[in-house]
Amino acid sequence: WTMSKLTTDFEDYTEAAKSGFQLGAFVRIGDKLYLQPEAYFTTKSSALEFDYTQIDPNNPDNTITSSVEQNVKLSSIDVPVIVGFRVLKLPTLNVHIQAGPVASIVVSKSFDVSLDGVDVEDDDSPIIEDDFSNINWGLQFGAGVDFLFLTADIRYELGLNNIYEAPETMTTDPTMKNNVFFISVGWKIK
């Protein structure tokens, strides 16, 4: 399970987190101090909301303000390399802390835009798929518990790079980063 949120310095934008999922595998190398390379498929979603004001074509003295909501969904193959440390090691229970870098290779992008609650074509959107980077970098950190053959982790991924490349027609150069909260449950073979 994931909960992700795009954070941006776009003026007047409100960001909202959305849930997603992840599915993959990991290998642990070492005992008390260990290396844990991973690979998994994940979906990261977020909503961006803002008010759009334009001149009324029927009366140039008036303006029309509309509420715009854009839902962004990035599906990616994530490859973290985690360094962990077992804080507590008992015969049936282990507690560990962990951190490490992650590369996210975006395999699909989905964008839905609504204007005052009515879906509009992506061509009318101020943000489009091509504006987003295909490789994103982050730093994950968290903690977890191993109980018998089960493992559960809670992590936070801090987005390190700007995943939004503003079109040349834009007068500002805003940044956008993807920050993700993970809860994962897995089955350990060894």
Using a Gaussian network model of the chain whose springs link C-alpha atoms within less than 10 Å, name the residue from A16, A39, A25 with the highest mean-square fluctuation. A25
In whole Hz, what ³J(HN,Hα) sequence does the range 17-28 give by Karplus (6.51, -1.76, 1.60; θ = phi - 60°), x for Gly and Pro? 7, 9, 8, x, 8, 9, 8, x, 9, 9, 9, 9
Listed by chain and number, the residues whose amide H is under 5 Å from that of N161, excluding neighbours fewer than 5 places away on the same chain and using placed H, are W137
Could you derive backbone 3J(HN,Hα) for the range 131-139 from the dihedral phi with the Karplus parameters 6.51, -1.76 and 1.60 (θ = phi - 60°), listing whole Hz in sequence and x where the residue is Gly or Pro? 7, 9, 5, 8, 10, 10, 10, x, 10
Once you have the Cα-Cα distance between V81 and A103, take 0.36 nm times their residue separation minus that, and quote the gain in nm to one decimal. 7.0 nm
Between the modelled labels at F149 and S66 (7 Å from Cα along Cα→Cβ) the distance in nm is 5.6 nm
Leaving out ligands and nucleic acids, note down the accessible area per residue over the chain with a 1.4 angstrom probe, in whole Å². 57 Å²
May I ask you to derive the FRET efficiency for K73 and V95 from their Cβ-Cβ distance with R0 = 35 Å, giving the value to the nearest 0.05? 0.55
First check a/c for the chain, with a ≥ b ≥ c the square roots of the eigenvalues of its C-alpha gyration tensor; if it is under 1.5, answer rounded, and if not, answer prolate when a/b is larger than b/c or oblate otherwise. prolate
Please turn the phi angles of the range 145-150 into ³J(HN,Hα) values with the Karplus equation 6.51 cos²θ - 1.76 cosθ + 1.60 (θ = phi - 60°), one per residue in order, whole Hz, x for glycine and proline. 9, 10, 10, 6, 9, 9
Taking H as built 1.01 Å from N, whose amide H comes closer than 5 Å to the amide H of E38, not counting residues under 5 places away? I82
Of all accessible surface on the chain at a 1.4 Å probe, what whole percent is carbon and sulfur? 60 percent
Largest fluctuation, P174, P80, P57 only, Gaussian network model of the chain with Cα springs under 10 angstrom, belongs to P57
Long-range HN-HN contacts of T175 with modeled amide H, under 5 Å: D9, F10
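The values are calculated or read from the model by the stated rules, or taken from the named source; none is laboratory data. Treat the numbers as computed from the prediction; the structure is a model and nothing was measured. No Cβ is skipped: glycine too gets one built from the backbone with ideal geometry, and neighbour counts run over all protein chains shown. Side chains are part of the model used for accessible areas, which takes the heavy atoms of the whole protein and leaves out ligands, DNA and RNA. Shrake-Rupley method; radii C 1.70, N 1.55, O 1.52, S 1.80 Å.
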